[in-house]
1. Would you say Glu63 is of a type in the set (D, E, K, R), more than 22 Å from Gly246 (Cβ to Cβ) and open to solvent by 30 Å² or more (accessible area, probe 1.4 Å)?
2. Examine segment 105-113 for a residue that is aliphatic (A, V, I, L, M), in contact with a Lys or Arg (Cβ under 6 Å, 6 or more places away or on another chain) and within 16 Å of the ligand (Cβ to nearest atom), and state whether such a residue exists.
3. Looking at segment 152-168, which of the residues that are in a loop (DSSP other than H, G, I, E, B) and of a type in the set (Gly, Ala, Ser) is most open to solvent (accessible area, probe 1.4 Å)?
4. Do the conditions hold for Gly85, that is, is it over 19 Å from Leu165 (Cα atoms) and at pLDDT 95 or above?
5. Being open to solvent by less than 10 Å² (accessible area, probe 1.4 Å), within 14 Å of the ligand (Cβ to nearest atom) and within 22 Å of Pro5 (Cβ to Cβ) is the filter here; which residues of segment 203-232 pass it?
6. Restrict the check to segment 247-255 and report whether at least one residue is hydroxyl-bearing (Ser, Thr, Tyr), open to solvent by less than 30 Å² (accessible area, probe 1.4 Å) and more than 17 Å from the chain's Cα centre (by Cα).
7. Closer than 24 Å to Val91 by Cα, open to solvent by 20 Å² or more (accessible area, probe 1.4 Å) and at pLDDT below 95: does that describe Pro40?
8. Please specify each residue of segment 168-194 satisfying the condition of being within 16 Å of the ligand (Cβ to nearest atom) and touching a helix residue (DSSP H, G or I) at 6+ places or on another chain (Cβ under 9 Å).
Amino acid sequence: MTTTPEQALEQAALAGIHRLAIPTPFAVGRVNCYLIEDEPLTLVDTGPNSGKALDELTARLGERGHELSDLELIVVTHQHIDHLGLVEILVEHSGAEVAALGAAAGRLAAFEEDAEEEDKFAVEVMLRNGIPEDVTVALRSVSRSFRGWGSHVTVTRPLDDGGTLALRDRKLEVLHRPGHSPSDTVFWDEERRILIAADHLLPRISSNPLITRPLDGSSQRTQALATYIESLRKTREMPAEIVLPGHGEPVTDHARLIDSRMAGYDRRKEKIYRLVAEKPRTGYELAQAIWGNVAVTQAFLTLSEVIGHADLLVNEGRVREVDEGAVIRYEAT
Ligand SMILES: [Zn+2]
């Protein structure tokens, strides 16, 4: 018998986990925060740093008989601003502890400087992959304008990969599952077979493994898609009944969803191989060949897709990167 998303939400609610869908100004739409009615009273992710998000969060908590000041623990699933922008404001209201992957704590604390570093890094990657300079300038100002929805976060309870976050009525296994972002952390309730997955696995959209710096903040770029696929393989083997995502409805059939994502990556990888085998191309040329002239705001996203898949081909030894000085071109081996 298959469980519908509605039934999954009910089942989660019976386990004391309530979805609070909070508005964001981003294309992804609402972000799912999860209230865990346990001791301590716990909120997983907070929504972006905006008055609208704070109002809705306050209202949703109120419907369940809680005030902001009742929050005792805030859990941060990863470093993206739609998930953590309100953390510091909630801490001011409540004095709540903040739990997140310890390895990410330094970057979360230094949000503003880190965002600036990340933007610099993204511009370098774009230029090296053939994206015109005016596009990178435009994207950088878009990114700056988004920063206000984020915030620095002071982690008071650093978590370890493989460790346990224990509440009165449950134990959550803490698992680092990088790929969508370097800090993606999922929380596994083995007893109830519920996985709080945030953006590690989303029902309707593939989780955009964006090209980024590694968690330690060094400037060597990650192989985001290769890393993500490795993480997805681990999640696929988990006996989860319900996966609670960071956007959209619960997933009740994660193995099948992951299989279809993997098949999609394979198809796109072969498409990129054919384009590269035709003639050597830059990442930007590959993105244009696949998507045409997309909106400027999509340029980094599509480039990340291309580079991610090209990494897979490089790892397989079928494609190599040729450094032409100003740009890198991919060619078939
Ligand atoms: Zn995210």
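1. For Glu63, the condition - of a type in the set (D, E, K, R), more than 22 Å from Gly246 (Cβ to Cβ) and open to solvent by 30 Å² or more (accessible area, probe 1.4 Å) - is not met.
2. For segment 105-113, residues aliphatic (A, V, I, L, M), in contact with a Lys or Arg (Cβ under 6 Å, 6 or more places away or on another chain) and within 16 Å of the ligand (Cβ to nearest atom): absent.
3. Gly162
4. Answer is yes for this residue.
5. Within segment 203-232, just Ser207 meets the criteria.
6. Taking segment 247-255 as the starting set, the residues that turn out to be hydroxyl-bearing (Ser, Thr, Tyr) are 252.
Next cut, open to solvent by less than 30 Å² (accessible area, probe 1.4 Å) only: none.
Scanning segment 247-255 turns up no residue that is hydroxyl-bearing (Ser, Thr, Tyr), open to solvent by less than 30 Å² (accessible area, probe 1.4 Å) and more than 17 Å from the chain's Cα centre (by Cα).
7. No.
8. Looking only at segment 168-194, we keep the residues that are within 16 Å of the ligand (Cβ to nearest atom), and these are 176-187.
Within segment 168-194, His176, Arg177, Pro178, Gly179, His180, Ser181, Pro182, Ser183, Asp184, Thr185, Val186 meet the criteria.
The values are calculated or read from the model by the stated rules, or taken from the named source; none is laboratory data. Not measured: the values here are computed from a predicted model. Cβ: placed from backbone, ideal geometry, glycine included. Neighbour counts: every protein chain shown. Ligands, DNA and RNA are stripped out before the accessible areas are found, and what is left, the full protein with its side chains, is counted by its heavy atoms. Shrake-Rupley method; radii C 1.70, N 1.55, O 1.52, S 1.80 Å.
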